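See structure below.
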Amino acid sequence: MRQEIAAAAARMIAEDGLDYSTAKRKAVKMLMGQSAPPRGNILPDNDEIETEVREYQALFMGDSQPARLEQLRRVALAVMERLERFQPYLTGPVWNGTAGEHSDIALQCFADSSKDVEIFLINGGIAYEAGERPDFRGRGKVEALYFTWDGEGVMLSIYDSHALRGALRPGPDGRPERGDRRAVLRLLGDIE
């Protein structure tokens, strides 16, 4: 059942652009007829779902997903170059390679002041909406700015510059959870 939940959630993520949490809940309800999480160790973790997303995309989106991913990474790179003074890092599906048709670009900036980032966007003529996003450190929420760049949605989470040190640690699986401009260039094959 765990595998079936992961596969159903992956399909919803790949096809509909759902986030992992919502996709898990909907998959449980669809497969088990319950809205509350089942007891025991039946819910797949995000790594299991990510593996299923990759498999689904390879099987059903192999002709379109790689080009979409490259497009999103190139737009992310352009935003990162523009925001270079705020130490931008790419994260999320565009970073890990599971981005699809409905994906937005998730960036994290490490700046002395979120107001400096806002002023920079205003002076650059970039309209944005302010909100909040979950803090990757599990410390509640951080300020986020939402805007469009070259027709793509961008979610820019803003952290204090001191948070960068912790952000550079690898994830539980040993892989980096974000990358700077040079790392994105390497993903694109533009540098060695």
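The values are calculated or read from the model by the stated rules, or taken from the named source; none is laboratory data. Quick caveat, the model's predicted, so the values are computed rather than measured. Virtual Cβ from ideal backbone geometry, glycine too; neighbours counted across all protein chains shown.
Working only within segment 22-59, note down all residues that are more than 19 Å from residue 95 (Cα to Cα), of a type in the set (S, T, N, Q) and modelled with pLDDT of 85 or more.
22
For segment 28-103, which helices (runs of 4 or more DSSP H) that fit wholly inside it have 1 or more residues that are of a type outside the set (D, E, K, R), within 16 Å of residue 183 (Cα to Cα) and out of contact with any Phe, Trp or Tyr (no Cβ under 9 Å at 6 or more places or on another chain)?
By residue number, 65-82, 92-96.
So is residue 68 under 17 Å from residue 14 (Cβ atoms), of a type in the set (D, E, K, R) and at pLDDT 90 or above or not?
Considered against the rule, which asks whether it is under 17 Å from residue 14 (Cβ atoms), of a type in the set (D, E, K, R) and at pLDDT 90 or above, residue 68 comes out as yes.
Being in contact (Cβ under 8 Å) with a residue 12 or more places away in the chain, in contact with a helix residue (DSSP H, G or I) (Cβ under 7 Å, 6 or more places away or on another chain), surrounded by 14 or more Cβ atoms within 10 Å (Cβ to Cβ) and assigned by TED's automatic domain parsing to the domain that holds residue 137 narrows it down to one residue among 120, 86; which is it?
Details: 120 fails: in contact with a helix residue (DSSP H, G or I) (Cβ under 7 Å, 6 or more places away or on another chain).
Exactly one residue qualifies, and that residue is 86.
Return the residues of segment 49-63 that are without any contact (Cβ under 8 Å) to a residue 24 or more places away in the chain and farther than 18 Å from residue 4 by Cβ; say none if nothing qualifies. It would help to see each step written out before you state the result.
Step one: of segment 49-63, the residues without any contact (Cβ under 8 Å) to a residue 24 or more places away in the chain are 58-59, 62-63.
Those that are without any contact (Cβ under 8 Å) to a residue 24 or more places away in the chain and farther than 18 Å from residue 4 by Cβ: 58, 62, 63.
Can you name the condition, by its number, that residue 51 falls short on among (1) under 17 Å from the mean Cα position of the chain (by Cα); (2) of a type in the set (Ser, Thr, Tyr); (3) surrounded by fewer than 14 Cβ atoms within 10 Å (Cβ to Cβ)?
In the conditions (1) under 17 Å from the mean Cα position of the chain (by Cα); (2) of a type in the set (Ser, Thr, Tyr); (3) surrounded by fewer than 14 Cβ atoms within 10 Å (Cβ to Cβ), residue 51 misses (3) alone.
Within segment 151-192, take every residue that is touching a helix residue (DSSP H, G or I) at 6+ places or on another chain (Cβ under 7 Å) and assigned to a loop (DSSP other than H, G, I, E, B) and give me the one that is surrounded by the fewest Cβ atoms within 10 Å (Cβ to Cβ).
173
Report, by residue number, each residue of segment 134-192 that is more than 20 Å from residue 105 (Cβ to Cβ), among the small types (Gly, Ala, Ser) and out of contact with any strand residue (DSSP E or B) (no Cβ under 6 Å at 6 or more places or on another chain).
Matches in segment 134-192: 138, 140, 166, 174.
Just checking, which of 127, 144, 111 is out of contact with any Pro (no Cβ under 8 Å at 6 or more places or on another chain), hydrophobic (A, V, I, L, M, F, W, C) and surrounded by fewer than 16 Cβ atoms within 10 Å (Cβ to Cβ)? Walk me through how you get there before you give the answer.
Working: 144 fails: surrounded by fewer than 16 Cβ atoms within 10 Å (Cβ to Cβ); 111 fails: surrounded by fewer than 16 Cβ atoms within 10 Å (Cβ to Cβ).
Sole residue among the options that is out of contact with any Pro (no Cβ under 8 Å at 6 or more places or on another chain), hydrophobic (A, V, I, L, M, F, W, C) and surrounded by fewer than 16 Cβ atoms within 10 Å (Cβ to Cβ): 127.
Scanning for something modelled with pLDDT under 90, under 28 Å from residue 1 (Cβ atoms) and not in a helix (DSSP H, G or I), does segment 104-117 turn up at least one residue?
no
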